[in-house]
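Here the structure comes first, spelled out in structure tokens, and everything after it is commentary.
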Amino acid sequence: MANLARSCLSLPRLGLSRRVCGSLPALHTSAPAQDQSPTHTGQVFDEDDYQNARFIGSPRQTNTRWAINLIQEVPPKAVQGRIAACDGGPGALGHPRVYINLDDEGNHGCIYCGLRYYKDSAH
């Protein structure tokens, strides 16, 4: 049985994408071409990576719209006071409430979600 398990783990190195171990017949299919673009951490996967077995029915999809870039598209919010309170949104979508001091000029970001606030100079 240990020999059988070892052969199942080495299948991607042999160019096979899937095999059912045990008493069921083996399924040999060719793996679809995988997306080779890097992830948000810069990680690139090799063509013979054993984790490609998860992507038999569909190709690996890499998200190119990273959260750090998306939050920069949100314009800073004007606040009428010296302190902004950020809780990230309603209910489970939020984070612990933090209070941001706006005494200094410019934008001030939330440490959890990255939303930016600034003191409205008209106040």
task = Mind counting the residues in segment 78-113 that are outside any loop (DSSP other than H, G, I, E, B) and within 19 Å of residue 67 (Cα to Cα)?
result = 5
key: Complete set of residues in segment 36-95 that are among the acidic types (Asp, Glu) and either open to solvent by less than 100 Å² (accessible area, probe 1.4 Å) or farther than 21 Å from residue 109 by Cβ (or both)   = 46, 47, 48, 49, 87
remark   = If we ask which residues in segment 87-123 are hydrophobic (A, V, I, L, M, F, W, C) and under 23 Å from the mean Cα position of the chain (by Cα), their number turns out to be 6
inquiry  = Suppose the filter is outside any loop (DSSP other than H, G, I, E, B), touching a helix residue (DSSP H, G or I) at 6+ places or on another chain (Cβ under 8 Å) and touching a residue at least 12 places away in the same chain (Cβ under 8 Å); does residue 53 pass it?
reply    = yes
ask   = Here are 117, 112: which of them is open to solvent by 40 Å² or more (accessible area, probe 1.4 Å) and either in contact with a Gly (Cβ under 7 Å, 6 or more places away or on another chain) or at pLDDT 95 or above (or both)?
value = 112
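The values are calculated or read from the model by the stated rules, or taken from the named source; none is laboratory data. Here the structure is a predicted model, which means the values were calculated and not measured. Every residue, glycine among them, receives a Cβ derived from its backbone with ideal geometry; neighbour counts consider all protein chains shown. Surface accessibility is based on the protein's heavy atoms, side chains included, excluding ligands, DNA and RNA. Shrake-Rupley method; radii C 1.70, N 1.55, O 1.52, S 1.80 Å.
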